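Chemist: Sharing a structure below in structure tokens format, with a few things to ask.
The values are calculated or read from the model by the stated rules, or taken from the named source; none is laboratory data. In this text, all values refer to a predicted model and were calculated from it rather than measured experimentally. Heads up, the Cβs are rebuilt from the backbone with ideal geometry, glycines too, and the neighbour counts pull from every protein chain shown.
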Amino acid sequence: MILIIAFIVTVISIICCKEIKKPVVRGIFAMVALFNILIMILDGSFTYTTKYKIHDVASYTSPDGKYELLFQQVGDADWPFGHTHARLVLKDGSGTIDKCRFDIANDGGNASPDLCHVTWKDDHVEAVISGEEQDDAQYILEVNGDGSH
């Protein structure tokens, strides 16, 4: 919401800057536009960091070395004491095979390597995710990309 208001005020200020001929008034509108641009940058950075930024938590390599499972946190945990948003990404040498997103109920704490226990099988990988406020959840990602989440 702040981003939208700041954008609208910025557009109006820039239009006013072009239309008004008095230098003092133009300067005021230019400063308002600059201030709102800074607000949009700060709001965008905060939103990206708290909701979308990927934090690598742990990496697990298959015994044969062909596959890698990444355990990642997406954004920050919901405040206060909310869910932690995370995902598992299964990769091989050519790129991503499969991924799944989930939430961890861990009293608002960030994801850590001790929350994920990985077992490699011939045709899939099993990841068991633990949390203080949830039962263990098992996720199976198959190497052919048809995993059950």
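Chemist: Output the qualifying pairs, or none if there are none: Cβ atoms under 9 angstrom, residues six or more apart or on different chains, first residue in the stretch 25-51 and within 30 Å of Gln72 (Cβ to Cβ), second residue at pLDDT 90 or above and among the aliphatic types (A, V, I, L, M).
Modeler: Lys51/Val74
Chemist: Within the stretch 85-95, take every residue that is in a strand (DSSP E or B) and modelled with pLDDT under 95 and give me the one that is surrounded by the most Cβ atoms within 10 Å (Cβ to Cβ).
Modeler: Among those that are in a strand (DSSP E or B) and modelled with pLDDT under 95, it is Asp92.
Chemist: So for the stretch 10-20 (the condition being assigned to a helix (DSSP H, G or I), of a type in the set (A, V, I, L, M) and touching a helix residue (DSSP H, G or I) at 6+ places or on another chain (Cβ under 8 Å)), does at least one residue qualify?
Modeler: yes
Chemist: Let me ask something additional. Filter the stretch 44-74 down to residues that are among the β-branched types (Val, Ile, Thr) and at pLDDT below 95 and give me whichever is farthest from Asp114 (Cα to Cα).
Modeler: Checking each candidate, the answer is Thr47.
Chemist: Could you tell me whether the stretch 102-111 includes any residue that is without any contact (Cβ under 8 Å) to a residue 24 or more places away in the chain and of a type outside the set (Val, Ile, Thr)?
Modeler: yes
Chemist: Taking into account only those residues within the stretch 45-62 that are part of a helix (DSSP H, G or I) and among the polar types (S, T, N, Q), which is farthest from the chain's Cα centre (by Cα)?
Modeler: Per the stated criteria, the residue is Ser45.
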